[in-house]
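Data block below; observations after.
The values are calculated or read from the model by the stated rules, or taken from the named source; none is laboratory data. Here the structure is a predicted model, which is why all the values come from computation and not from measurement. No Cβ is skipped: glycine too gets one built from the backbone with ideal geometry, and neighbour counts run over all protein chains shown. Just the protein is used for accessible areas: all its heavy atoms, side chains included, with ligands, DNA and RNA removed. Shrake-Rupley method; radii C 1.70, N 1.55, O 1.52, S 1.80 Å.
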Amino acid sequence: MIPSRSSERMKLPLLLLALGFTSMVSQVLLMRELVVVFYGNELSLGIMLGSWLFWVGTGSYSGGIILPRARSMSRFSAVALLQVLLGLLSFATFLALRMLPLILRQETAGEVIGYVPIAITSFLLLAPLCLLLGFLFTLFCHLHDGEEPVTSIGRVYFFEGLGAAAGGIIFALVLVRFLDPVTIVFLLFIMNLAAAAFTLALISRPVLSATLLCILFLAVSGSAFFGIIGTVKERSLAWLWRGLHVVDSGDSIYGNVTYIEREGQRALYENGLLIASHPDQFSAEEAVHFALLEHAKPKRVLLIGGGASGSVDEILKHSVDHVDYVELDPLIIEMITRYFPPDARRGLEDPRVTIHNIDGRLFINRTRESYDVIIINLPDPYTAQLNRFYTDSFFRTCAARLKPGGVLSFRLSSAENYISPELQQFIGCMYRTLREVFPEVKVIPGETNVFIAAAAPNTLTLDAHALIRRLSERAIQQQVLFVREYYLPHRLSEDRLQMLAAALSVEVSRRNTDLAPVCYFYDAVLWSKQFKDFSSSVLVWFSKIPPAILLAAVAVFFAGAAFVQMRAPRFWGPKSILVAVGTTGFAEITVEVVTLLGFQAIHGYVYHKIAIIITFFMVGLALGAASAIRYVRAKRSHALPFLVVQGTVCLYPLLLLGALVIMTGGGASSFFGRAQSVQAAVVFPALAFAAGLIGGLQFPLANALWLAEVPGTARAAGFTYGVDLFGSCAGAFLAAGLLIPVFGIPFACGAASLLNAGSFILVFLKIRQGFKGVSPLSLR
């Protein structure tokens, strides 16, 4: 029995909300888990997200081909079956992901993997789940076959978008705060079983519906009684951290933190990468003593990150008056307090130490304190988030927070005896960026280079004997094990200094900025050289392409497409609509990435606010779709509004760029500098909402124009939604991973605008030729 149309209208939105919720929560959850297994920089994240979008788009596109020909099963029965399969695949994909270290035969936890294995593994692992998600979108549109097609597609798009928005905000503010990943993915399984039972009840299949409800009851009660969730969590963590004893693993809104013990060594991992171990006296001393010895009398110190390694204890040996220790994730401090021995956490409990659980960049923008020494004890800038602490704008803010004679210090990975061209480019970019802010910069050579910058000239020294004298004067020579009289002359030997000076003397053309975060790309190139594949060659080759060549290639493509459209209009058909939808998908993901990067650069990494920004984007998407549906229902012409929306897509990336330039132009004292709360609460969510609104307006209009030429609800929904996601896939990989770090945010925004300008021309030409039901040249 097929339900009545009125019954569908009331009940199908619940199923679409469940689909959107499942899609968003599973995407965020699996991306977080993939980051733990893989090296989580923007390029690898772009590969993972691009794989997700590609397969969802392929599933949707395939549905547009398959569903119009499928007649063997009730559509609602197919929905129920696929919802059960969706719940199972969500759970299975999660477990397969945690088994990846076994599958890839990783020898140790935290072992990094090359880009090629990341691409292959992500592509294959995510395929089944994502194909199903895309296919279900088209199937839901197919359920409405017989109704007004554009309205039905728009309704599916609207409610699925609302479900995704709800999933994003609930995951960020509720699920990740209170539940572990295994419980979350189990709840997704339960929710989809319930949705399947609801679907079967909708078509009067009481026996099947009751069966599913019994399975649902058994799954929930069995998990509670037999502790199945706890067992799965324990086993899956053993797979993920093979060969190591996992004492505790927890998830905060910022990521995963895992505490491990092995042969007397305690280790703390964040998102799969080692951030602290005990005992590790050498790393703790290296992080702080060079900077503190460069200052004549340090009394007030700011430490950003790295306190878990014992750095705070080492700072206190210099008889300082106060230490502000900034650590973003409170779960790290909680793990240290719970598991590390008393001597490892003694410094954190000292009354001279104040711990701030806040983003380091946000803290230094807000504080009005001045410091003798600022130590950035963070990992290399291998992500855009970390790169924010190595840009000229951040260095200027730090310089403003230093007292006269103050010192800034941080470390970067390097090499002991050979500085490769890739490493030279990496450290040279950082050296140039520092030199443009501080009057004096010194770099200490070694396996890690220690960069030290002074607020005043003639402050720093690389004379080992001068530093040894300060050690002696402060009576801490016997309290340190490594950075002392026998080590400093070796570390600061003349041959080492000369080799590093020669490498830094080579002029590097680019500096690291908020709008052009090139350093995290240099780090990606440097890291990829560890692996014997072609990824590093591809990255280096891409970075050498002149930007004008890329723009010219785009122009040539659209000139060729326009020529074909004008000369062979029957062959070209309505493909201009699909091209426009694809380039809009590219622009939407680019704008979303740029908005998030801009927010983080100005306000710091405040997770719940970023979740709000993403939610505003999804709400804008849903409301834009709803508005367009109303317009289409009024039986008005769709051509001119679609052209106007496409023109807006061309301009919006440039308007966003202008807003970011205004807000970041002066660093901490930029325009709106005294109204950062207004920016965080209003400006950035409004920018995200506007971007979503534009995309939401376009999708129903695009379907209306496509359906004017090619009938069939499922075909139209599958093709347009699939192409939209293909464009987003390209944007996820190219914008976040390559265009922004290599050429900067201005170029990425310009490229998105140029792509959509080409689409605007193609749509304009198509309108002049005429759609069915639209007079040529009338534009009405």
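Is it the case, given these coordinates, that residue 134 is at pLDDT below 90 and either touching a helix residue (DSSP H, G or I) at 6+ places or on another chain (Cβ under 9 Å) or open to solvent by 10 Å² or more (accessible area, probe 1.4 Å) (or both)? Please lay out each step first, then the result.
Values: at pLDDT below 90: no; either touching a helix residue (DSSP H, G or I) at 6+ places or on another chain (Cβ under 9 Å) or open to solvent by 10 Å² or more (accessible area, probe 1.4 Å) (or both): yes.
Criteria not met by residue 134.
If residue 323 satisfies every condition in (1) aliphatic (A, V, I, L, M); (2) touching a residue at least 40 places away in the same chain (Cβ under 8 Å); (3) closer than 24 Å to residue 455 by Cβ; (4) assigned to a strand (DSSP E or B) but one, which is the exception?
Failed condition: (2).
Only residues that are within 11 Å of residue 581 (Cα to Cα) and buried (at least 24 other Cβ atoms within 10 Å of the Cβ): list them for region 707-754, please.
Restricting attention to region 707-754, the residues satisfying the condition of being within 11 Å of residue 581 (Cα to Cα) are 719-728.
Answer for region 707-754, where residues must be within 11 Å of residue 581 (Cα to Cα) and buried (at least 24 other Cβ atoms within 10 Å of the Cβ): 719, 720, 721, 722, 723, 724, 725, 727, 728.
If we scan region 342-362, do we find a residue that is closer than 24 Å to residue 427 by Cβ and in contact with a Gly (Cβ under 9 Å, 6 or more places away or on another chain)? Explain how you work it out, then say what you get.
Step one: list which residues in region 342-362 are closer than 24 Å to residue 427 by Cβ, which gives 360-361.
When the remaining residues are screened for being in contact with a Gly (Cβ under 9 Å, 6 or more places away or on another chain), the result is 360-361.
The answer is yes; a qualifying residue exists.
List the residue pairs whose Cβ atoms are under 8 Å apart, where the first residue sits in region 454-477 and is within 24 Å of residue 316 (Cβ to Cβ) and charged (D, E, K, R), the second is part of a helix (DSSP H, G or I) and open to solvent by less than 70 Å² (accessible area, probe 1.4 Å), and the two are 6 or more positions apart or on different chains.
If the second residue must be part of a helix (DSSP H, G or I) and open to solvent by less than 70 Å² (accessible area, probe 1.4 Å), the pairs left are 470/293.
Go through region 448-496 and report how many residues are among the small types (Gly, Ala, Ser) and assigned to a loop (DSSP other than H, G, I, E, B). Working first, answer last.
Our first condition is that a residue be among the small types (Gly, Ala, Ser); within region 448-496, this holds for 453-456, 464, 466, 472, 475, 493.
Next cut, assigned to a loop (DSSP other than H, G, I, E, B) only: 455-456, 475, 493.
Summing the residues that are among the small types (Gly, Ala, Ser) and assigned to a loop (DSSP other than H, G, I, E, B) in region 448-496 gives 4.
Check region 8-23 and report whether any residue there is modelled with pLDDT under 70 and of a type in the set (Val, Ile, Thr).
Residues of region 8-23 that are modelled with pLDDT under 70, as a first pass: 8-11.
Pick out the ones that are also of a type in the set (Val, Ile, Thr) and you get none.
No - not one qualifying residue is present in region 8-23.
Name, by its number, the condition in (1) in contact with a helix residue (DSSP H, G or I) (Cβ under 7 Å, 6 or more places away or on another chain); (2) in a helix (DSSP H, G or I); (3) without any contact (Cβ under 8 Å) to a residue 40 or more places away in the chain; (4) not acidic (Asp, Glu) that does not hold for residue 429.
(3)
Quick one: is residue 563 surrounded by fewer than 19 Cβ atoms within 10 Å (Cβ to Cβ), at pLDDT 85 or above and not β-branched (Val, Ile, Thr)? Steps first, answer last, please.
Numbers: surrounded by fewer than 19 Cβ atoms within 10 Å (Cβ to Cβ): yes; at pLDDT 85 or above: yes; not β-branched (Val, Ile, Thr): yes.
Yes; evaluated as a whole, the condition is true for this residue.
Kindly check whether there is at least one residue in region 511-519 that is assigned to a helix (DSSP H, G or I) and open to solvent by less than 10 Å² (accessible area, probe 1.4 Å). Don't jump to the end; show me each part of the working.
Filtering region 511-519 for residues assigned to a helix (DSSP H, G or I) gives 518-519.
Filter once more, so that each one left must be open to solvent by less than 10 Å² (accessible area, probe 1.4 Å): 518-519.
Scanning region 511-519, I find at least one residue that is assigned to a helix (DSSP H, G or I) and open to solvent by less than 10 Å² (accessible area, probe 1.4 Å), so the answer is yes.
Give me the residue from region 50-66 that is open to solvent by 10 Å² or more (accessible area, probe 1.4 Å) and more than 19 Å from the chain's Cα centre (by Cα) and, out of that set, modelled with the highest pLDDT.
Here the residue is 58.
Do we find a residue being β-branched (Val, Ile, Thr), closer than 25 Å to residue 477 by Cα, open to solvent by less than 10 Å² (accessible area, probe 1.4 Å) and over 32 Å from the mean Cα position of the chain (by Cα) anywhere in region 273-289? First the steps, then the outcome.
Pass one, region 273-289, residues β-branched (Val, Ile, Thr): 275, 288.
With closer than 25 Å to residue 477 by Cα added as a condition, the list becomes 288.
Then keep just the ones that are open to solvent by less than 10 Å² (accessible area, probe 1.4 Å); that gives 288.
When the remaining residues are screened for being over 32 Å from the mean Cα position of the chain (by Cα), the result is none.
Checked region 273-289: no residue is β-branched (Val, Ile, Thr), closer than 25 Å to residue 477 by Cα, open to solvent by less than 10 Å² (accessible area, probe 1.4 Å) and over 32 Å from the mean Cα position of the chain (by Cα).
Would you point out the residue of region 377-401, among those that are of a type in the set (A, V, I, L, M, F, W, C) and open to solvent by less than 20 Å² (accessible area, probe 1.4 Å), that is nearest to residue 501 (Cα to Cα)? Don't jump to the end; show me each part of the working.
Residues of region 377-401 that are of a type in the set (A, V, I, L, M, F, W, C), as a first pass: 378, 384, 386, 389, 394-395, 398-400.
Now restrict to residues that are open to solvent by less than 20 Å² (accessible area, probe 1.4 Å): 384, 389, 394-395, 398.
Details: 384: 28, 389: 24, 394: 25, 395: 22, 398: 25 Å.
Ranking the qualifying residues of region 377-401, first place goes to 395.
Return yes when residue 350 is open to solvent by 20 Å² or more (accessible area, probe 1.4 Å) and farther than 20 Å from residue 514 by Cα and no when it is not. Steps first, please.
Values: open to solvent by 20 Å² or more (accessible area, probe 1.4 Å): yes; farther than 20 Å from residue 514 by Cα: yes.
Taking the combined requirement at face value, the residue satisfies it.
Give 436, 369, 334, 440 a once-over and let me know the one that is touching a Pro at 6+ places or on another chain (Cβ under 9 Å) and surrounded by fewer than 19 Cβ atoms within 10 Å (Cβ to Cβ).
Step by step, each of 436, 369, 334, 440 is checked, and only 440 is touching a Pro at 6+ places or on another chain (Cβ under 9 Å) and surrounded by fewer than 19 Cβ atoms within 10 Å (Cβ to Cβ).
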